[in-house]
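Q: Right, I'll just put the structure down here and ask away after.
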Amino acid sequence: MLADVLREENIITDLKSRDKEEVLGEMVDDISRMVAPIDTETVLKALLDREKLGTTGIGHGVAIPHGKIKGLAELKVFFGRSRKGVNYSSMDNLPVHLVFLILAPENSAAAHLKVLASISHLLKSQDFRMKLMDAVDRSDIYRIITEAEKKSSFV
């Protein structure tokens, strides 16, 4: 499932921003260049509105920001890595290094939740998280994610 919605070109290997709002803005800017035109303000507002409900920084250096976007044709997943770490107000108050960003059409609750659960399941593994941090480049990250998903009994 995750391999169906995450493309290699949707991976950012070196996020520069150091706080939550900046990193979400950075990812949305990159997304707008990588995929079909999106309204960056609308997408960023949806992500920040979701953050107001409670942080998507789930701990262990991981965040899974997500938002429902009016007019989006299909669910899309993006990945970003920050070697320095992002002050994300995570549940464990530790910096975030791995960000899986999910954009979903307004009426895609089931698919949205399935992808969220799949990502959460993979990220429980410290070995998986460390492999993502140690990956050399975009294709290496993509391979690590898709192989881990194939091995996962969750799907």
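The values are calculated or read from the model by the stated rules, or taken from the named source; none is laboratory data. If you're wondering where the values come from, they're calculated on a predicted model, not measured in any experiment. Methodologically, a virtual Cβ is constructed for each residue, glycine included, from the backbone with ideal geometry; neighbour enumeration extends over all protein chains shown.
Q: Determine, yes or no, whether Leu24 is surrounded by 18 or more Cβ atoms within 10 Å (Cβ to Cβ) and either assigned to a strand (DSSP E or B) or free of Cβ contacts under 8 Å to residues at least 60 places away in the same chain (or both). Show your work before the answer.
A: Working: surrounded by 18 or more Cβ atoms within 10 Å (Cβ to Cβ): yes; either assigned to a strand (DSSP E or B) or free of Cβ contacts under 8 Å to residues at least 60 places away in the same chain (or both): no.
Here the answer is no, as Leu24 does not meet what is asked.
Q: A follow-up question, please. For segment 1-23, which positions are touching a Pro at 6+ places or on another chain (Cβ under 9 Å) and farther than 15 Å from Val62 by Cβ?
A: Arg18
Q: Looking only at segment 56-65, how many residues end up being assigned to a strand (DSSP E or B) and crowded, with 22+ Cβ neighbours inside 10 Å? Let's see the steps before the verdict.
A: So the first thing to find is which residues in segment 56-65 are assigned to a strand (DSSP E or B), and the list is 57-59, 62-63.
So of that shortlist, the ones also crowded, with 22+ Cβ neighbours inside 10 Å come out as 57, 62-63.
The qualifying residues number 3.
Q: Being out of contact with any Leu (no Cβ under 8 Å at 6 or more places or on another chain) and under 26 Å from Ala117 (Cβ atoms) is the filter; apply it to segment 19-35 and report the residue that is modelled with the highest pLDDT. Explain how you work it out, then say what you get.
A: Within segment 19-35, the first condition is being out of contact with any Leu (no Cβ under 8 Å at 6 or more places or on another chain), and the residues that meet it are 19-20, 22, 29-30, 32-35.
Those still in the list that are under 26 Å from Ala117 (Cβ atoms) too: 20, 30, 34-35.
Values: Lys20: 97, Asp30: 90, Met34: 74, Val35: 68.
This residue is Lys20.
Q: Next question, about the same structure. Would you confirm, using the coordinates I've provided, whether Leu122 is over 21 Å from Lys52 (Cβ atoms), aliphatic (A, V, I, L, M) and modelled with pLDDT of 90 or more?
A: Numbers: over 21 Å from Lys52 (Cβ atoms): yes; aliphatic (A, V, I, L, M): yes; modelled with pLDDT of 90 or more: yes.
Answer is yes for this residue.
Q: Something else: Kindly indicate whether Arg143 is touching a Gly at 6+ places or on another chain (Cβ under 8 Å), part of a helix (DSSP H, G or I) and either under 13 Å from Lys68 (Cβ atoms) or modelled with pLDDT of 95 or more (or both). Before the answer, list the steps.
A: Values: touching a Gly at 6+ places or on another chain (Cβ under 8 Å): no; part of a helix (DSSP H, G or I): yes; either under 13 Å from Lys68 (Cβ atoms) or modelled with pLDDT of 95 or more (or both): yes.
Spelling it out, it is not the case that Arg143 is touching a Gly at 6+ places or on another chain (Cβ under 8 Å), part of a helix (DSSP H, G or I) and either under 13 Å from Lys68 (Cβ atoms) or modelled with pLDDT of 95 or more (or both).
Q: Moving on to the next point. Please return the ranges of strands (runs of 3 or more DSSP E) entirely within segment 66-130 where 1 or more residues are in contact (Cβ under 8 Å) with a residue 24 or more places away in the chain and hydroxyl-bearing (Ser, Thr, Tyr).
A: Working: elements: 66-69, 76-86, 96-105.
Once the strands (runs of 3 or more DSSP E) in segment 66-130 are filtered for at least 1 residues that are in contact (Cβ under 8 Å) with a residue 24 or more places away in the chain and hydroxyl-bearing (Ser, Thr, Tyr), what remains is 76-86.
Q: Hey, does segment 37-44 have a residue that's surrounded by fewer than 17 Cβ atoms within 10 Å (Cβ to Cβ), among the polar types (S, T, N, Q) and in a loop (DSSP other than H, G, I, E, B)? Spell out the reasoning first.
A: Looking only at segment 37-44, we keep the residues that are surrounded by fewer than 17 Cβ atoms within 10 Å (Cβ to Cβ), and these are 37, 39-42.
Checking the rest, the ones that are also among the polar types (S, T, N, Q) come to 40, 42.
Checking the rest, the ones that are also in a loop (DSSP other than H, G, I, E, B) come to none.
No, that holds for no residue.
Q: Continuing with the same structure: Just for segment 131-155: of the residues that are among the polar types (S, T, N, Q) and free of Cβ contacts under 8 Å to residues at least 40 places away in the same chain, which one is surrounded by the fewest Cβ atoms within 10 Å (Cβ to Cβ)? Steps first, please.
A: Taking segment 131-155 and keeping what is among the polar types (S, T, N, Q), we get 139, 146, 152-153.
Next, only the ones that are free of Cβ contacts under 8 Å to residues at least 40 places away in the same chain stay: 152-153.
Details: Ser152: 14, Ser153: 5.
Ranking the candidates gives Ser153 first.
Q: Now for a separate question. Spot the failing condition for Lys16; the list is (1) basic (Lys, Arg); (2) part of a helix (DSSP H, G or I); (3) modelled with pLDDT of 95 or more; (4) under 23 Å from Asp140 (Cα atoms), and only one is missed.
A: Just one mismatch for Lys16, condition (2).
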